[in-house]
Amino acid sequence: MSRAGVAAATAAVLVGGFVAAGAPGADGVTAPPAMTAPLRVTGRPMTLAIDPAVLEPGELTQVTGTGFTPGTPVILSWQLPDGSPLLGTMSVAVGTGGTIGGFFLVMPNDLPGPRQLVATQGAAKVTANVLVDAAPTQPSSGDRLVYRG
């Protein structure tokens, strides 16, 4: 991947174990927790990268990511910067090392403007910024894969 064409984003690392809430009683002994919530361990922050990060309608972008939980699918989707969802969703499998990879399509009749690619796994999300640029008035020089259907 070229450094100039990569957009990356990082989510917070989740720590394993349980979150527990309890308070010391009158005798100084902590009461049993009132609530617990399981947390997952990823060992590193979730990242999402795309190349190229400036796309034309109908173009594919390469998607890579790290820090995901193996065995749980990741859903890729497009959204506007304000969080409004757009067309296009894909489920990808997570490798044993917590990585994802694949290609994702900008819809052929999509309008130009800023977008975000979102990777969602359970309640965790990570985004990468994208710019959809107007299609060129001449054919591609062959270095980009564009769907013209």
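The values are calculated or read from the model by the stated rules, or taken from the named source; none is laboratory data. It should be emphasised that the depicted structure is a prediction, and the values quoted were computed from it without experimental measurement. Quick reminder, even Gly has a Cβ in these numbers, built from the backbone with ideal geometry, and neighbours come from all protein chains shown.
Condition first: modelled with pLDDT of 80 or more, in a loop (DSSP other than H, G, I, E, B), surrounded by 11 or more Cβ atoms within 10 Å (Cβ to Cβ) and under 14 Å from the mean Cα position of the chain (by Cα). Can you find one or more residues in region 56-67 that meet it? Before the answer, list the steps.
Step one: list which residues in region 56-67 are modelled with pLDDT of 80 or more, which gives 56-67.
Imposing the further condition that a residue be in a loop (DSSP other than H, G, I, E, B) reduces the set to 56-58, 67.
When the remaining residues are screened for being surrounded by 11 or more Cβ atoms within 10 Å (Cβ to Cβ), the result is 56-58, 67.
Okay, now just the ones that are also under 14 Å from the mean Cα position of the chain (by Cα), so 67.
Yes, because at least one residue in region 56-67 is modelled with pLDDT of 80 or more, in a loop (DSSP other than H, G, I, E, B), surrounded by 11 or more Cβ atoms within 10 Å (Cβ to Cβ) and under 14 Å from the mean Cα position of the chain (by Cα).
What are the pairs, 6+ residues apart or on separate chains, where a residue within region 70-92 that is within 18 Å of Leu60 (Cβ to Cβ) has its Cβ under 9 Å from a residue that is surrounded by 12 or more Cβ atoms within 10 Å (Cβ to Cβ) and of a type in the set (D, E, K, R)?
Matching pairs, first to second residue: Trp78/Asp110; Trp78/Arg115; Leu86/Asp110; Leu86/Arg115; Leu87/Asp110; Gly88/Asp110.
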